[in-house]
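FYI, it's all coordinate maths here, none of it is from the lab. Quick caveat: nothing in here was measured; it's all calculated off a predicted structure. So basically every Cβ, Gly included, is an ideal-geometry build from the backbone, and we count neighbours across all protein chains shown.
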Amino acid sequence: MFASDAEFVDFANAPDQQQAIKGTDAIRETWGRWMEPFDELSAEVEEYSSAGDFVLCATHWVARGKESGMSIDLRQFDLYEFRQGKVVSATLGLRSKEEATEAAGVRFLD
């Protein structure tokens, strides 16, 4: 679903990972590293908004660490830009719809 040269930015990234990466291989590797330390990792999209080529997701992330048992329960906004049916840009970890609107340069309808 990602274009081969897609850009991926994660503002909620782990300290040992880059905040911005490019390309499907790097995205796949990053997702693998994200999933590795967790027994459970899920993301539920609670709301979608769209404007032009952008889709904004109000996302609820839940995870539990394999070794630590530590729980993560996080709500954030994740922004995706599409071209020709593929994601060309993904920005995760935005704090608000307003922040996403500024990042995309478009206005999302409520």
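Quick notes on this one:
- Summed side-chain charge close to MET70 - residues other than MET70 whose Cβ falls under 15 Å, Lys, Arg +1, Asp, Glu -1: -3
- Net charge dipole size for the chain [Lys, Arg +1 and Asp, Glu -1 on Cβ; Debye, nearest 20]: 160
- Of the GluC sites (Glu not before Pro) in the stretch 76-110, not one is in a loop by DSSP (not H, G, I, E or B) with at most 13 other beta carbons within 10 Å.
- Dipole-positive endmost among ILE21, SER71, TRP34 within the stretch 2-102 (Cβ charges, Cα centre): ILE21
- Percent breakdown of C-alpha pair distances by 5 Å bin, ordered from the shortest bin, for the stretch 2-102: 3, 12, 21, 24, 22, 12, 5, 1, 0
- Summed side-chain charge close to VAL9 - residues other than VAL9 whose Cβ falls under 12 Å, Lys, Arg +1, Asp, Glu -1: -3
- Loop-located trypsin sites (Lys or Arg not before Pro) in the stretch 1-88 whose Cβ has at most 15 other Cβ within 10 Å (DSSP): LYS66
- For the chain, adding -39500 (n - 2.57) for each run of n ≥ 4 DSSP H residues and dividing by the number of residues yields -5500 deg cm²/dmol at 222 nm.
- Angle of helix 24-35 to the longest C-alpha principal axis of the chain, folded into 0 to 90 degrees and rounded to 10: 40°.
- Seen from THR59, the other residues with C-beta closer than 11 Å to its C-beta sum to a net charge of -3, counting Lys and Arg as +1 and Asp and Glu as -1.
- Relative frequency of Cα-Cα separations exceeding 17 Å in the stretch 2-41, percent: 28
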